Amino acid sequence: MKLPIPIEVGLTLLRELVRVFGLPWHLLVHRFQRDRWRHEIERALAQPASSNDAAGLDAFGARSDGRGHVFISAGEASGEAHAANLVRAVGRGARWTAFGGSLLRETGADVVYPLSEHAVMGIGGVLKSLPFVVRAHRRFLELLRDDPPSLVVLVDYPGLHLVMARAARKRGIPVLHYIAPQYWGWGPWRMRRYRAAIDATLTILPFEAPFYEAQGLASAYVGHPLLDQLHGEDPPERDELLCLMPGSRSKELEQHLGPMTDIARELRVENPNLRVVLPHRDPRRADRIRAMLDDLRADFVEFVSGDTEPWLRRARAVLVKSGTGSLEACLCGAPTVVVYALGGRLMRWMHAALLNVPFIAGANLIANRRVAPEFVIHASADWDAAKRAVATLFVDGPERDAALDGVRMVRDRLGAPGASARAARWVRPFCIEADAE
């Protein structure tokens with residue numbers, strides 16, 4: 001029996017609230033299952049990178065109804081960029097309906113809800129933006145009723161997207177998730193819900209595909225989108241330049257920028273010729289970062305708003321907060337020190353109790369060994385250790401040589417560019433007169 005949309009939205013909201021309140025139970029159970037999950041991810045990390053980006057493609061594509069209507073959704077800016085690249089890679093033969101913003105609109109997609117222009121992160125963000133989230137889900141249900149797509153493609157942003165995926169799959173519409181969530185890192189109890197909502201998932205880290213396949217989900221590694229964005233070449237010599245990358249969110253900047261500038265200040269005492277640059281892609285954070293640097297009296301730090309790649313190519317070393325930036329630095333050939341500051345007692349407990357992986361840096365996970373020194377910051381002594389690691393990487397010697405070898409290994413394991421083109425192979429069977437490949 002089909003429920004009226006307001007009732008279905010209300011029941012969905014109630015179910016999600018119950019799920020949030022069930023978190024303590026999941027945490028308790030996880031304490032007894034943690035060793036099993038660690039074994040699962042360690043086994044996936046140890047497997048060689050797969051070059052098969054079309055495993056399960058035939059079975060998935062066979063579900064096409066031939067109408068060529070594809071719905072695609074992105075919940076924040078970086079995900080929308082990947083979604084737009086995917087739409088372009090698919091080419092002709094599809095009618096696109098989208099949740100997103102201006103980037104998807106520029107591809108010709110019919111954007112029916114501005115989801116990426118109001119990014120919502122974390123439980124706190126969801127609660128603050130609950131009316132917006134509820135309206136988004138209601139609009140999606142209306143679309144499924146009035147103009148059902150042949151395929152639903154969800155890009156990253158697993159929170160709301162899993163709710164949408166469940167609704168689509170319940171109606172028999174195939175669901176493809178591009179950029180699999182990092183449930184292997186923490187919170188693996190969510191795998192059961194993910195498996196029930198998604199028909200196939202496309203991963204951007206090589207070890208993720210075997211992990212998800214072991215959980216019974218059709219999965220393929222299509223490559224990392226960063227490889228398509230980086231076009232420069234490594235210079236023969238690097239400058240006496242240190243890049244600082246403290247993150248982009250307000251909390252990350254508060255926790256990392258001050259200690260990073262302290263490290264740079266101390267290194268400049270030892271090396272007066274050292275140039276310190278803070279490149280940052282997000283122009284929305286520019287005024288905030290400049291104000292923080294003024295408060296820190298860090299006028300020796302050059303802030304550059306825009307593309308980070310040219311600076312990472314020139315840097316002799318990079319000090320970066322754990323995240324995509326650490327992988328970008330490695331792909332630009334820069335010896336990198338990765339840090340992650342834990343904010344308070346709750347974060348320290350969660351790290352100790354929940355983390356399932358042996359490393360926090362993406363480069364180290366890809367290589368399955370420590371190619372970039374990494375430090376989870378609990379106290380000032382950890383920042384001191386990070387400073388010593390940066391100083392060591394500046395000097396020619398075995399540590400720097402090992403870091404450069406590790407950078408090359410990470411590049412090799414990630415494979416060639418072309419993530420969007422490979423992901424497009426999973427969408428084309430649902431297009432009208434899809435190209436055979």
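Overview of values
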| read-out | value |
| --- | --- |
| Qualifying residue in segment 256-267 (condition: within 20 Å of the chain's Cα centre (by Cα) and either assigned by TED's automatic domain parsing to the domain that holds Ala379 or not in a helix (DSSP H, G or I) (or both)) | yes |
| In segment 207-217, the residues that are assigned to a loop (DSSP other than H, G, I, E, B) and surrounded by fewer than 24 Cβ atoms within 10 Å (Cβ to Cβ) | Gln215, Gly216, Leu217 |
| Every residue from segment 218-240 that is crowded, with 21+ Cβ neighbours inside 10 Å and in contact with a Leu (Cβ under 9 Å, 6 or more places away or on another chain) | Ser219, Ala220, Tyr221, Val222, Gly223, His224 |
| Set Gly232, Gly187, Gly216, Gly223: member being more than 19 Å from the chain's Cα centre (by Cα) and at positive phi | Gly216 |
| Hey, Glu252 modelled with pLDDT of 95 or more and either in contact with a His (Cβ under 9 Å, 6 or more places away or on another chain) or within 24 Å of Ala341 (Cβ to Cβ) (or both) or not | no |
| Those residues of segment 418-437 which are surrounded by fewer than 17 Cβ atoms within 10 Å (Cβ to Cβ) and under 28 Å from His231 (Cα atoms), in sequence order | Gly418, Glu437 |
| Pairs with Cβ under 7 Å, 6+ apart, first in segment 1-12 and more than 12 Å from Arg135 (Cα to Cα), second part of a helix (DSSP H, G or I) | Glu8/Leu141; Thr12/His137; Thr12/Val163 |
| Selection count, segment 101-117, where residues are surrounded by 22 or more Cβ atoms within 10 Å (Cβ to Cβ) and under 11 Å from Ala81 (Cα atoms) | 3 |
| Segment 45-95 - residue that is more than 14 Å from Val427 (Cα to Cα) and among the charged types (D, E, K, R) and, of those, modelled with the highest pLDDT | Glu80 |
| Hits in segment 244-266 (condition: in contact with a Phe, Trp or Tyr (Cβ under 8 Å, 6 or more places away or on another chain) and surrounded by 18 or more Cβ atoms within 10 Å (Cβ to Cβ)) | Pro259, Ile263, Ala264 |
| Subset of segment 182-195 (residues that are under 17 Å from Val152 (Cα atoms) and at pLDDT below 95) | none |
| Qualifying residues in segment 356-379 (those that are in a helix (DSSP H, G or I) and in contact (Cβ under 8 Å) with a residue 40 or more places away in the chain) - the one surrounded by the most Cβ atoms within 10 Å (Cβ to Cβ) | Ala363 |
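The values are calculated or read from the model by the stated rules, or taken from the named source; none is laboratory data. From a predicted model like this one, the values you see are computed outputs, not experimental measurements. Cβ coordinates were reconstructed from backbone atoms using ideal geometry, including for glycine residues, and neighbour counts include every protein chain displayed.
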